[in-house]
Every structure is written in structure tokens, then in C-alpha cells.
Amino acid sequence: MKKRVLLLGSTGSIGTQTVDVLLAHPDRFETLGLSCRSDIETLYAQANTLHPKFVAAEVPLDKTRLPEGTEVFSGPDAAERIAEAVDADVTVLAISGYAALAPLLKAIKHGRRIAIANKESLVCGGALVDAALHLYGAELLPIDSEQSAIFQCLQNGRREEVKRLILTASGGPFFRKSREELRDVSLSDALHHPTWKMGRKITLDSATLMNKGLEIIEASRLFGLDADHISVLIHPQSIVHSMVEYRDGTIMANMSKPDMRLPIQYALTYPERIGSPCEPLRLDLSHPLEFYRADPDRFHAIRMAYDALRADGILPTVFNGANERAAELYFAGCIGFLDIEDCVEHALNTVENRPADSIETIAAADRTARTAVDRFVKRKH
Ligand code: MG
């Protein structure tokens, strides 16, 4: 039996790589639905190749550009509506940013297996997502390369045998720069990642280390471990995707060439492993493999993420919302590279914490964080 797949966010970086995986294994997968926000040209092309029963976009769609009989959802809540309507075996959540939280909760409600690439929804959703998973018996399988690595390493032991998770970070393009040098880095420098080819926001987050900060919180959500049991190691080659240390001192590592199609495929075929078009890893050609301490005094994003995770409540949402807004302002040329950290720090210091017990509270925290950043930037300039 083919696995029936719903792909939310099909036109982004993870979405298009998921389409590659689906096309590589037509005997394994049937595409039931595709959704995007506004890149409808890409969506039309995908729909005419994969022939899904349903497509969704936030903007209006032209039915004549789609295969005959395709059902269409459009409007601002199109992703939520397709998540609700389509009965898939696996829903891939590849929508970027905080916007993925509502569709995630809808998919969970239908008791489905969700292959999740989006970290912001887990960071912000926290206990709410956890409670929904238990209530509806849905299952989350990580696509984020670090979390997929940890998920795979965790299969070698029992949970109580785990000493800590070790997330690896490439360190981004500026790992060897001093803080003084970071002041003047350009947008194009920030968007040049040394090992991974990814979307613009996550590439910037890799340069600021905000991505690793989000992943610390994401790992805590996915694997139920607190901040003291999650550490970060800088590994510029991105060959070791993350590790799990067990209580006897054994460390399990997950290694491959950096290629997102591998964790995507594993989340789709789990618990099976099948052949893949990804280039095999030649360790004899990959040396050296280097590892460095991730200094929280140099990488403020990591320190702030630990603080937000320990405080929990709405502060992880504030951390994320402030970072999303600061990234927008950076892309628009309104602030400098190091200002991103200052914006997030300011929001964390000024927004009052409270329990993140409803989607309304979380949405309000997200808005408050963005407003705090805007005010801060206005005052500074
Ligand atoms: Mg990652």
C-alpha cells in the first residue's frame, strides 16, 4: 500500500525537496494534497506532476491551471482547512515560521502522523502541542536534520539511559569572526551558508545562531528533556548531524553528507529505511571533523534560548516572534546584523511572562514581541 502524503508548504526549500523525495519513489508514495502561501506558479507545476486530489493557497487559484477534478482551498486559513479535510497517512509540515502553529494543531486533532520541519510551531506551541498530541494520539516525526539525528540515535537505548542530547551547529558563515567584525557583515555574507542550502530566514538564523537557539527549545519539546540535558557543539563540517550521550558514556552519532532529502525521506518511510539518491558519505575524504565549544558569551542567541526555555511560558514565543520580526527588519535594511540579538534581548527583558495555555495567549505573545521590537528599533534610530 502506498503512503498517502499531504505536504503543507510545498513550494519552500523543504517543500520542494520533499517533492523530490516523492518523485523519487512513485511506488511508495501517493500525494494527496499540496499547499503553499503565494508561490502558485510552483504549486501549479507541482500539481501537474504529482496530481494531488487537493491543493491549497492563501491567494486565489486558477482551476484551469490544475489537473481536472482537483479540489481547491484558498484564503488565509487554506492550510488549516486542507489539514482538516485531507485524510493522509503522513502530513509534512514544511510551512515556515510561527504561521505553522494553527495548521499543526489542526493536523494533530485528526490523530495523524506529522513529519515536522517547522520548529517555530513547537517552540511557541510548547505544552499546548504536547497536550493535543496526547489527547488525539498523533505522532510527530522530526525532519529538522539535528532532531532527526537525535530521533535516530535515541533508538539505541531507553529514555532513562540518556544522559544528554548534543546538538551540532555548523556555526554559520561567521563562526570565526570576532564580535567587532560581525558589526559590518552584509546581507549577502549572512545569506551564504557554508554547508547547507536552505531558505533565506533559516540561513540568516544559522548566521545569528538563532536557529540553534530555536533547536535547543525544539529538542526539549520533541524529546521531553530539560535545558540541563541539552548541549550544543560547533561542528563546521555538518557531517555529524547531532548525537546522544548515554549514561555509560557511549555517544551515538548520526552522520551523512548534509542533504535534507535524507531526514525528509526517513520521516516519510519510518520505521523503514529505503534506498536514496543522496550521495554516500566518504569519511576518508571528509576529514577533518572538528568540534568546538559553543561559547554562550559569544553566541548570545544560545544563551537567550536557554533562558527562554528555562523560564518557559510565553518567553519561547517571545524569543521566536522577536527574532522573526528582527529578521524582517534586517532583510529590509532597517537594522544591522548584531541588532537582531539586541532586538530579541530587549523583547525577552520587557515582555512579562505568563503560562502559554491557549492559542490566543500565544498569538498575543507573538504580537507583543513583534511590537516590542518595532518600538525598540524606532527608539534606537
Ligand atoms: Mg536544523
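The values are calculated or read from the model by the stated rules, or taken from the named source; none is laboratory data. Computed from a predicted structure; not experimentally measured. Virtual Cβ from ideal backbone geometry, glycine too; neighbours counted across all protein chains shown.
Here is a yes/no grid of residues against (1) among the polar types (S, T, N, Q); (2) in a loop (DSSP other than H, G, I, E, B); (3) closer than 22 Å to ARG200 by Cβ; (4) in contact with an Asp or Glu (Cβ under 8 Å, 6 or more places away or on another chain):
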position	(1), (2), (3), (4)
ILE264	no, no, yes, no
ILE274	no, yes, no, no
LEU281	no, yes, no, no
HIS287	no, yes, no, no
ARG298	no, yes, no, no
ARG303	no, no, no, yes
GLY313	no, yes, no, no
ALA322	no, no, yes, no
ASP342	no, no, yes, no
>> Cβ-Cβ distance below 8 Å, separation of 6 or more or different chains: which pairs start in the stretch 50-67 with a residue that is small (Gly, Ala, Ser) and end on one that is surrounded by fewer than 19 Cβ atoms within 10 Å (Cβ to Cβ) and in a helix (DSSP H, G or I)?
In response: ALA56/ARG81
> Among the residues of the stretch 186-233, which ones are closer than 15 Å to ILE302 by Cβ, surrounded by fewer than 20 Cβ atoms within 10 Å (Cβ to Cβ) and within 16 Å of the ligand (Cβ to nearest atom)?
Replying inline: SER231, LEU233
> From the list ILE359, ILE314, ILE340, which one is surrounded by fewer than 22 Cβ atoms within 10 Å (Cβ to Cβ), under 20 Å from the mean Cα position of the chain (by Cα) and touching a residue at least 40 places away in the same chain (Cβ under 8 Å)?
Replying inline: ILE359
> Within the stretch 105-143, which residues are out of contact with any strand residue (DSSP E or B) (no Cβ under 8 Å at 6 or more places or on another chain) and within 16 Å of the ligand (Cβ to nearest atom)?
Replying inline: LYS119, GLU120, VAL123
> Could you say whether any residue in the stretch 23-46 is among the aromatic types (Phe, Trp, Tyr) and touching a Gly at 6+ places or on another chain (Cβ under 8 Å)?
Replying inline: no
>> Suppose we filter the stretch 159-185 for residues that are at pLDDT 95 or above, within 21 Å of TYR270 (Cβ to Cβ) and more than 16 Å from the ligand (Cβ to nearest atom); how many remain?
In response: 1
> Quick one: how many residues across the stretch 184-202 are over 14 Å from ASP339 (Cβ atoms) and assigned to a helix (DSSP H, G or I)?
Replying inline: 5
> Would you pick out the residues in the stretch 102-128 that are surrounded by fewer than 24 Cβ atoms within 10 Å (Cβ to Cβ) and among the aliphatic types (A, V, I, L, M)?
Replying inline: ALA102, LEU105, ALA127, LEU128
>> With the condition being in contact (Cβ under 8 Å) with a residue 12 or more places away in the chain, I'd like the helices (runs of 4 or more DSSP H) fully within the stretch 108-183 carrying at least 3 qualifying residues.
In response: 120-136, 145-153
